[in-house]
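This report refers to the structure that appears directly beneath it.
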Amino acid sequence: MVGNLTTALRAAQSGLLTTQNAVTTSANNISNVNTEGYSRKIINFEQRVLAGAGAGVQLAEFTRAVDEGLLKDLRRETSQLQKLESQVIYYERLQVQFGTPEANNSISHIVNQFSQAAESLAVSPEKALDLNEFVRYANEVSLKLKAMTEEIQALRVQADQELERTVAEVNDLTGQIAEANDLIIRNQAVNNDVTSLLDQRDLALTKLSELVDITYFPRSDGDLVVFGSDGFSLVDRTANTVTHTAVGSLSSTSTFAEGDLNGIYVGDIAPDNEITNEIKGGKLAGLIQQRDDILPGLQAQIDELASKMKEAVNQVHNRGTSFPGLQSFEGSRSFIDADDQTITLDSTNSTADVTIALFNNSGEEQASTTLNTIMTNGAFGTGVQASRGPWSITEVAASIEDWLRANGAASATVQIDSNSRKLEIEVNNTNLSLAFRDETATADGSSASDAEIGFDSDGDGDIDETVYGFSNFFGLNDLFTDGADGTLYDTNILSNSFSASASTLTFYDRINGVGSGNELGSIDIPQLASLEDIAELVNDGDFGVTASVIPDGSGSRLRIQSDSGRELVITEGSSDTIIDDIGLGISDARSATTLSVRDDILAEPQLTSTAATQYNSETGEYYISSGDNTTIQQIADTLRGVQDFAAAGGLTIQSRTFEDYASAILARNADLADTNTVQIASEVSIVENLELNASRISGVSLDEEMSNLILFQQAFSASARVVSVIQEMFETLDQAVS
């Protein structure tokens, strides 16, 4: 090798400079041993060659000790871990509020107390203390269901607000990534070290993966493109702004599917940019799951409990009466057109009837008749009506009123209230009380049994609904009331693969009434139509009714509601069966929120139905006894008996007692919380293992860096010694030529 002292000096100088840079790199590694996101830097040397000859050493490049494949795995698992961990606080809050089945404040325990109060009252129906306890626990059930609903909706609002804050964090991190991209591209173009910038970008990327599931790929110029896992762009040259505006409050009927909550958008707020249902991982996914799935599912379960309890208890309560009957009735069923809507008495067998009886203050009969008798008697109402109907609701009210007035209650009123559209009865005689008794036949003293009432809700001559019990049909003597009305309809939970049979649905409201020509509109449902297809047909009809498909458990419900808040009637073609097939009816979604004990019973527990109208075959008269426990015993049996519950919020169709179903709700919630905890433990193990493997590659080893320092020190000293020798050689040469 040909050389000279100058070349040797420059070679030694390069050794000093590169070794100095190596020491600086090791110093940075050591000082950042505990810095989050820092990866060990490696300095790479290469031989410097000038004119084909060796000329010392130079820096090749700075690199990082990272395994990109391992980091991708780590970010993917971190995203799933944060999805689970973000839900922990919600499960904990639910556990505190709802308790365990055996806890004194749990809904299952309170339902049990309600059942026990009914059994105690059945033993001594005349005792005021037992009456008060029964009504108190009935009220406790309704209050607990309201409290559970309030907690569920408060948690949904909390999740929605946390979504808004998390979206702001996403924007901050995507902004950091975009800014790092610009710096990396500029510095890499001029061969500057970008390893620290890469660390900063990786740290932001890892934090972003905690918030939302992401995929990403680098470009050749150092740019990094970041997508959500389903393809929506978060960073591509610039950061796309993500937006979400939280709502201030939610109710049990508020759903994202109906548009009651704002979506999450990437870029402009437009339908095509809405990504809420595309987010599958990270904190955002966990919050969305709580807000739109877990918590609404739990709400659906307690609504099912409230609705079924109201329905079952009210049916029995309407069979009976308090002693010695009632002087005032206010029904719970609303009629949108009482002139055209009709009922038919026992349309199946044409034998059942309804006894109507007035009693004095001792429970002794003063007058009695049957519904079919007065309806077919020209002296009452507008004249003779067809035996067992159909009879308009208005005609039924008028006939009962005329009979009451003709039998001692001269000031009695029976009418459909102009505001509530519900049947109201006022005896207006303090010496007389009224009671109803469904019987298997018209003859006095026929066996007591709920009469079949066929309801033609659209006045077309076809029966649209069958209810058992005359008083129960009108809701004249309910124990529980709720806010359910015809403004909102739901179907059962249906499979996502559901397909309908060809049919027609017709819609009416309380302003226009029913009957031909009064329809809001109709839709023809084609064979094999899905729920989404039906919803689209309703919405395209544009007649003041909106339909949505609401996820619930493992399936979905079709929800239909009036845009103007008016009560609706929905009917089908005479030969169609779609309403029964899909279980379309007035929604139970508000049941837990609005369930309450009837106001007058809450104020006067003695109005509770404990007795039943009885018949004395010896005297040939009806009577009511203060010590009769017939009805309250039936209520106790109902509360302890098995009921059929529809699928709701992840709970399948099942037959259970009310207490067992309440326990199943709590168990379902506890099971979800336990499953979440188990999954967290599993994900933590995976993440910790990946972090350990990643740290072995990218982490700083102090022992290794100390060893490197010794090597660099020796190399620096050797290069310095070369410089010293060359300096001596220059001095010798200078002396030789002087």
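The values are calculated or read from the model by the stated rules, or taken from the named source; none is laboratory data. Everything quoted here is computed from the prediction, not taken from an experiment. All Cβ positions, glycine included, derive from the backbone under ideal geometry; neighbour counts span all protein chains shown. Each accessible area value is taken on the protein alone, full model and side chains, heavy atoms only, with ligands, DNA and RNA left out. Shrake-Rupley method; radii C 1.70, N 1.55, O 1.52, S 1.80 Å.
For the reader, a short list of remarks on this structure follows.
- Only residues that are polar (S, T, N, Q) and in contact with a Pro (Cβ under 9 Å, 6 or more places away or on another chain) were counted across region 113-145, and they come to 1.
- First in region 96-118 and touching a residue at least 12 places away in the same chain (Cβ under 8 Å), second anywhere and open to solvent by less than 10 Å² (accessible area, probe 1.4 Å) and in a loop (DSSP other than H, G, I, E, B), Cβ under 7 Å, 6 or more apart: Phe98/Ser106; Gly99/Ser106; Thr100/Ser106
- Residues that are in a strand (DSSP E or B) and either open to solvent by 60 Å² or more (accessible area, probe 1.4 Å) or not β-branched (Val, Ile, Thr) (or both), drawn from region 443-473: Ala448, Glu452, Gly454, Phe455, Asp456, Glu465, Thr466, Tyr468
- Residue list for region 109-142, restricted to those being modelled with pLDDT of 95 or more and of a type in the set (Gly, Ala, Ser): Ser115, Ala117, Ala118, Ser120, Ala122, Ala138, Ser142
- Total residues in region 694-728, condition touching a helix residue (DSSP H, G or I) at 6+ places or on another chain (Cβ under 6 Å) and modelled with pLDDT of 75 or more: 5
- Selection of region 168-185 for residues being farther than 11 Å from Arg237 by Cα, more than 30 Å from the chain's Cα centre (by Cα) and either surrounded by fewer than 19 Cβ atoms within 10 Å (Cβ to Cβ) or of a type in the set (Asp, Glu) (or both) yields only Leu183.
- Extreme residue, most open to solvent (accessible area, probe 1.4 Å), among residues of region 198-220 that are outside any helix (DSSP H, G or I) and among the β-branched types (Val, Ile, Thr): Thr215
- Only residues that are farther than 23 Å from Ser591 by Cα, within 31 Å of the chain's Cα centre (by Cα) and hydrophobic (A, V, I, L, M, F, W, C) were counted across region 446-500, and they come to 2.
- Yes/no for Leu326 being crowded, with 24+ Cβ neighbours inside 10 Å and at pLDDT 95 or above: no
- Condition met for Arg165 (open to solvent by 20 Å² or more (accessible area, probe 1.4 Å) and free of Cβ contacts under 8 Å to residues at least 60 places away in the same chain): yes
- Among the numbered conditions (1) touching a residue at least 12 places away in the same chain (Cβ under 8 Å); (2) more than 22 Å from Gly383 (Cα to Cα); (3) open to solvent by 40 Å² or more (accessible area, probe 1.4 Å); (4) in contact with a strand residue (DSSP E or B) (Cβ under 8 Å, 6 or more places away or on another chain), the only one that Thr430 does not meet is (4).
- Filtered residue count, region 221-245, keeping only those that are touching a Phe, Trp or Tyr at 6+ places or on another chain (Cβ under 9 Å), open to solvent by less than 60 Å² (accessible area, probe 1.4 Å) and touching a residue at least 40 places away in the same chain (Cβ under 8 Å): 8
- Qualifying residue in region 313-323 (condition: of a type outside the set (D, E, K, R), buried (at least 24 other Cβ atoms within 10 Å of the Cβ), in contact (Cβ under 8 Å) with a residue 12 or more places away in the chain and part of a strand (DSSP E or B)): yes
- Region 574-597, residues that are under 20 Å from Gly483 (Cα atoms), part of a loop (DSSP other than H, G, I, E, B) and open to solvent by 30 Å² or more (accessible area, probe 1.4 Å): Asp588, Arg590
- Check on Asp293, acidic (Asp, Glu) and touching a helix residue (DSSP H, G or I) at 6+ places or on another chain (Cβ under 7 Å): no
- Among the conditions (1) of a type outside the set (Ser, Thr, Tyr); (2) touching a helix residue (DSSP H, G or I) at 6+ places or on another chain (Cβ under 7 Å); (3) modelled with pLDDT of 95 or more; (4) more than 25 Å from Leu651 (Cβ to Cβ), the only one that Asp230 does not satisfy is (3).
- Against the numbered list (1) in a loop (DSSP other than H, G, I, E, B); (2) among the hydroxyl-bearing types (Ser, Thr, Tyr); (3) farther than 23 Å from Tyr622 by Cα; (4) within 48 Å of the chain's Cα centre (by Cα), Thr394 comes up short only at (1).
- Residue that is surrounded by the most Cβ atoms within 10 Å (Cβ to Cβ), among those in region 264-312 that are of a type in the set (D, E, K, R) and over 19 Å from Ser254 (Cα atoms): Lys283
- For region 646-675, residues that are hydroxyl-bearing (Ser, Thr, Tyr) and surrounded by fewer than 20 Cβ atoms within 10 Å (Cβ to Cβ) total 4.
- Scan of region 522-532 for residues that are surrounded by fewer than 17 Cβ atoms within 10 Å (Cβ to Cβ), free of Cβ contacts under 8 Å to residues at least 24 places away in the same chain and not hydroxyl-bearing (Ser, Thr, Tyr), ordered by number: Asp524, Glu532
- Subset of region 533-561 (residues that are of a type in the set (D, E, K, R) and without any contact (Cβ under 8 Å) to a residue 60 or more places away in the chain): Asp533, Glu536, Asp540, Asp542
- Filter pass, Ser196 being over 30 Å from Ser307 (Cα atoms), more than 25 Å from the chain's Cα centre (by Cα) and polar (S, T, N, Q): yes
- Counting the residues of region 377-405 that are within 22 Å of Ser447 (Cα to Cα) and surrounded by fewer than 21 Cβ atoms within 10 Å (Cβ to Cβ) gives 1.
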